[in-house]
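Peer 1: Supplied in structure tokens, the structure appears directly below.
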Amino acid sequence: MSGTERARLARRRRRWLFLGCGTVLVPTVGAAALARLVDPAGAAAWALVVVPIVGYEAWFYHSRHDRVPTAGPALRVADAVTLVRGWLYAAVAGFAVLSPTALVAWLPGLCYGTGVALDWLDGRIARRTGGGTRLGERLDMAFDTLGFLVAPVVAVVWGRLPVWYLSLSAARYLFKAGRGLRRWRGQPVHDLPPSERRRQLSGLQMVFVTVALVPLVPREPLAVLAAVVLTPSLALFARDYLLVAGYLPRAAEQ
């Protein structure tokens, strides 16, 4: 085995060690901590939800890493931060099967809010270490979508947000499904141009969902705020689909 092959194998092992530790430690440590706050059955139910999500995240990273090879280390610092964010979002998903007791009620907002902060951090790290990569962009987008699914579900299940707010989560998957269907049919699919407005609305939704998960704001104002912040985001999803389908000119992005 050549020196290059040995180095590649060593990087691959370090990557799998990081992914494996996250897949095992996140549910184990989280369930152990929850067992001290709720009954063991509740902690076990939480872990049953979290384990497959964390496993999927590890698989997603590994499969995309092989499809989109990047120069440099096998696991970039920015990608590691993004993976930690994904683990936090997986932890949030588990709270959908728990009751919001006095202590537990704070945990989803804490986990999701930390993930939102890491979303800002991994972008800065990527820019300071030579810019982002295609792999990092795909990983970031996938975990953003996951977070926009699991956090609103928990907020709805706990009665913090109205059920129609889940249309935001559905819109993301419907957009991807519609784009994929066009490709499957052989119809043209245009690239979605960058948009500062899209980034701003995404950040606004992240902040709003974090606030909704924290048991400080009364539920009644949250329903009104949900309608205010949701409407422009849904309109943007519709506009973006018309752009990628070619029904609107790219100038409409401006």
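Peer 1: Scan segment 212-221 for residues that are open to solvent by less than 80 Å² (accessible area, probe 1.4 Å) and either over 30 Å from residue 101 (Cβ atoms) or assigned to a helix (DSSP H, G or I) (or both) and jot them down.
Peer 2: 212, 213, 221
Peer 1: Counting only residues that are modelled with pLDDT of 90 or more and charged (D, E, K, R), how many does segment 186-245 have?
Peer 2: Qualifying residue count for the region: 2.
Peer 1: Here's a follow-up. Say we look at segment 141-200 and pick out the residues that are open to solvent by 70 Å² or more (accessible area, probe 1.4 Å) and touching a helix residue (DSSP H, G or I) at 6+ places or on another chain (Cβ under 6 Å); which of these is farthest from residue 222 (Cα to Cα)?
Peer 2: 190
Peer 1: Picking from 228, 209, 224, which residue would you name as being closer than 30 Å to residue 105 by Cα, within 24 Å of the chain's Cα centre (by Cα) and open to solvent by 40 Å² or more (accessible area, probe 1.4 Å)?
Peer 2: Sole residue among the options that is closer than 30 Å to residue 105 by Cα, within 24 Å of the chain's Cα centre (by Cα) and open to solvent by 40 Å² or more (accessible area, probe 1.4 Å): 228.
Peer 1: Please report, ordered by residue number, the helices (runs of 4 or more DSSP H) entirely within segment 1-104 with at least 2 residues that are at pLDDT 80 or above and touching a Gly at 6+ places or on another chain (Cβ under 7 Å).
Peer 2: Output list reads 40-67, 77-94.
Peer 1: Restricting segment 124-137 to residues that are part of a helix (DSSP H, G or I) and surrounded by 17 or more Cβ atoms within 10 Å (Cβ to Cβ), which is modelled with the lowest pLDDT?
Peer 2: Looking at residues that are part of a helix (DSSP H, G or I) and surrounded by 17 or more Cβ atoms within 10 Å (Cβ to Cβ), I get 126.
The values are calculated or read from the model by the stated rules, or taken from the named source; none is laboratory data. None of these values were measured; they are calculated from a predicted model. Positions of Cβ are generated from backbone atoms using ideal geometry, with glycine treated the same way; all protein chains shown enter the neighbour counts. Just the protein is used for accessible areas: all its heavy atoms, side chains included, with ligands, DNA and RNA removed. Shrake-Rupley method; radii C 1.70, N 1.55, O 1.52, S 1.80 Å.
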